[in-house]
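Notes to accompany the following structure.
Every number in this text was worked out from the coordinates using simple rules, so none of it is lab data. On a predicted model such as this, the values are computed, not experimentally measured, just so you know. So basically every Cβ, Gly included, is an ideal-geometry build from the backbone, and we count neighbours across all protein chains shown.
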Amino acid sequence: NVSIVEVESILSEHPGVLEAAVVGLPDDIRDEVPVAYVVPAPDGGLPSLEDLFEWCEKRLTKAKRPQRITFLDELPRTSVGKIRKYLLLEEGESNDNTDE
């Protein structure tokens, strides 16, 4: 069982990340796999995908590491500021391409 909050927290600790959201996408083998959406920090420069995957590899067990990381300009939010994870989930399910 993957703690999405833990994965989001680890990604958000990266100096090049302003914020991160993680959703679980259906997987035939593991039931669900984590997929991350990252908003780069404005002053940190755009981190590379390789750098973010290495960051996660050093801090998370294999099962908790995101299978895909996608950069966004901003995370979709409700009018009260909550992240609309269902929109990220829909995007992830419709996007078969990986950013690895």
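Odds and ends about this structure:
- Placing R0 at 35 angstrom, the Cβ-Cβ distance between residue 54 and residue 91 gives a FRET efficiency of 0.90 after rounding to 0.05.
- Label of the coordinate-derived value, volume of the Cα convex hull per residue in Å³, listed as (1) 251; (2) 165; (3) 101: (3)
- Note on residue 18 and residue 3: their simple-model spin labels are 2.7 nm apart, each label 7 Å out from Cα toward Cβ.
- FRET efficiency for residue 46 and residue 80, using Cβ-Cβ distance with R0 set to 35 Å, rounded to 0.05: 0.75
- Among beta bridges from DSSP that stay inside region 4-94, the antiparallel ones total about 75%.
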